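> Sharing a structure with you now.
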Amino acid sequence: MVSKYKGDEITLDQLAAYLDSRPYFERRLLTYKHLRPRLPRFLYKYRSLDPENKESVKRIRDILVHGDLYLSSPVDFNDPFDMSANIVLTGGVRSKLNRIKLLAKSHGVKFKDRKEYIQNFMTKSNDELQDILEKSYSEHLSNVGVYSFAGDPKNILMWSHYARDHTGICIQFERIRNLKNLGQAMQVEYSEIYPEIDWFNKHVETLTTTVLRKHIGWSYEKEERIILPNSARKYLSINADAITAVIFGCKVSQNVIESVQNLIDERDKISLNPVKLYKADQHKSKYALSIFKY
């Protein structure tokens, strides 16, 4: 990811390294004034929590206490259309040859073996090649690690779908407290058509689009996602101090509240930043949620 800071293009790692050396409020001021495009201050994660289930508690402890974010594989998503793509082969023989030469080089094919490698692909028809590419894309995609965030803690559907019918929690992350990792979260685009991967001509550019595209019906999520190659079903460790609040659902049980408070006590014992507690309540006169300090 490349951002603009004070008019100059710098990498995310360069920006994060500089900002991490500055006091908190200076970091906020500098990013607000100079970072383009501007990034939302907070990210949110909706989660269910069953205090009677040790694995359920562990998953929340991993986040709240250890700062370990589990990276899912796209094959485990609840939407089978997510990250789908339409692979197209445009251009003539020259475009095909140039792309296959680059592929041989990137795959580390030895120079003495490249002629045979290239001929093998050049003799295939576009239909045969497309079948190979679609299979390769699916296999590659299954190894991509993804961590998804929501953009709105008051979304009724998100509470229903991802926080067990409003009985769970929503965890708030402040991006500037761990820009190196949370700054990698990119906004998802929503559409009614698949993105195209122009394999001969713009493979890298279009591949980036595919992993950030979902059907327009999911637009209410306002999703941002961290995407890491070859990291599926692994953990991304962030600074747990970046977790700044937990919001309880409007139908939360006392057992869930106590379980979260126990985990916050664990944070306190290892001197992590305080976490604020809030609770969502149903609005009195409209289909909406209000959030108050707990």
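> Express in Å², to the nearest 10, the accessible area of residue 65 obtained by rolling a 1.4 Å probe over the protein heavy atoms while all chains stay in place.
It works out to around 10 Å².
> Shifting gears a bit: With a 1.4 Å probe and all protein chains kept in place, how do 250, 170 rank by accessible area, largest first? Display every interim value, and only then the final one.
Numbers: 250 30, 170 0 Å².
Heavy-atom accessible area, descending, gives 250, 170.
> I would also like to ask the following. What number, in percent, do you get for the relative contact order of the stretch 124-265 if the mean sequence gap of Cα pairs under 8 Å and at least 6 apart is divided by its residue count? Each step should come with its number before you reach the end.
Details: 170 pairs, mean separation 55.5, N = 142.
Worked out over the stretch 124-265, it gives 39 percent.
> Looking at the calculated P(r) for the stretch 147-294, what percent of the C-alpha pair distances fall above 20 Å? Show your work: numbers first, answer last.
Numbers: 6472 of 10878 pairs.
So the portion of pairs separated by more than 20 Å is 59 percent.
> Per residue, how much accessible area does the stretch 12-148 show when a 1.4 Å probe rolls over the protein heavy atoms, in square angstrom?
Values: 8190 Å² over 137 residues.
Accessible area per residue, the stretch 12-148: 60 Å².
> Which value in nm describes the separation of the simple spin-label points at residue 58 and residue 228, placed 7 Å from the Cα toward the beta carbon?
1.9
> Determine the principal axes of the Cα atoms in the stretch 72-189, then give the extent along each, sorted from largest to smallest and rounded to whole angstroms.
60, 31, 22
> If you place +1 on the Cβ of every Lys and Arg and -1 on the Cβ of every Asp and Glu, how big does the dipole about the Cα centre of the chain come out, in debye to the nearest 20? The partial results should precede the final answer.
Details: 46 positive and 37 negative charges, 185 e Å.
That gives the chain a dipole magnitude of about 880 debye.
> Still on this model: Using only alpha carbon pairs under 8 Å that are at least six residues apart, calculate the relative contact order of the chain and give it in whole percent.
Details: 485 pairs, mean separation 77.3, N = 294.
In percent, rounded to a whole number, it is 26.
> A follow-up question, please. Which whole-number percentage describes the relative contact order of the stretch 74-186, with Cα contacts under 8 Å and a sequence gap of 6 or more? Show your work: numbers first, answer last.
Details: 38 pairs, mean separation 27.2, N = 113.
Averaging sequence separation for qualifying contacts and normalising by length gives 24 percent for the stretch 74-186.
> Kindly give Rg over Rh for the stretch 1-108, based on alpha-carbon atoms, with the Kirkwood expression for the hydrodynamic radius.
Details: Rg = 21.8 Å, Rh = 19.4 Å.
Dividing the radius of gyration by the Kirkwood radius yields 1.12.
> Please give the contour-minus-distance gain from residue 66 to residue 110: 0.36 nm per residue of separation, less the Cα-Cα distance, rounded to one decimal in nm. Before the final figure, lay out the partial values.
Values: separation 44, 0.36 × 44 = 15.84 nm, distance 4.38 nm.
Between residue 66 and residue 110, full extension yields 11.5 nm more.
> What share of Cα pairs, in percent, lie more than 12 angstrom apart in the stretch 55-94? Mind showing how you got there, number by number?
Values: 566 of 780 pairs.
So the pairs more than 12 Å apart make up 73 percent of the total in the stretch 55-94.
> Grab the DSSP H runs of the chain that are 4 residues or longer, score each as -39,500 (n - 2.57), total them, divide by all residues and round the 222 nm result to the nearest 500 deg cm²/dmol.
Values: 10 runs with 109 residues, N = 294.
That comes out to -11000 deg cm²/dmol.
> What pairs in 96/180; 154/180; 222/279 have C-alpha atoms more than 29 Å from each other?
Pairs exceeding 29 Å: 96/180.
> Here's another thing I want to ask about it. Under the Karplus relation 6.51 cos²θ - 1.76 cosθ + 1.60, θ = phi - 60°, what is the ordered set of whole-Hz ³J(HN,Hα) values for the stretch 83-96, x standing for Gly and Pro?
Result, rounded to whole Hz: 6, 5, 8, 9, 7, 10, 10, 9, x, x, 4, 4, 4, 4.
> Could you order 58, 105, 234 so the one with the most accessible surface comes first? Probe is 1.4 Å. All intermediate terms of the calculation are to be shown ahead of the outcome.
Numbers: 58 80, 105 135, 234 110 Å².
From most accessible down to least: 105, 234, 58.
> If you don't mind, there's one more thing I want to ask. How much accessible area per residue does the stretch 231-294 have, in Å², with a 1.4 Å probe? Kindly include the intermediate steps, with their values, before the conclusion.
Details: 3800 Å² over 64 residues.
For the stretch 231-294, the per-residue accessible area is 59 Å².
> A further question follows. Carbon and sulfur atoms: what percent of the 1.4 Å accessible area of the chain do they account for?
Details: 8360 of 16500 Å².
That share works out to 51 percent.
> Measure out, as a whole number of angstrom, how far apart the alpha-carbon centroids of the stretch 101-139 and the stretch 225-294 sit.
Taking the Cα centre of the stretch 225-294 as reference, the centre of the stretch 101-139 is 47 Å away.
The values are calculated or read from the model by the stated rules, or taken from the named source; none is laboratory data. Fair warning: this is a prediction, and the values are worked out from it, not measured in the lab. All Cβ positions, glycine included, derive from the backbone under ideal geometry; neighbour counts span all protein chains shown. These accessible areas exclude ligands, DNA and RNA; they are computed on the full protein's heavy atoms, side chains included. Shrake-Rupley method; radii C 1.70, N 1.55, O 1.52, S 1.80 Å.
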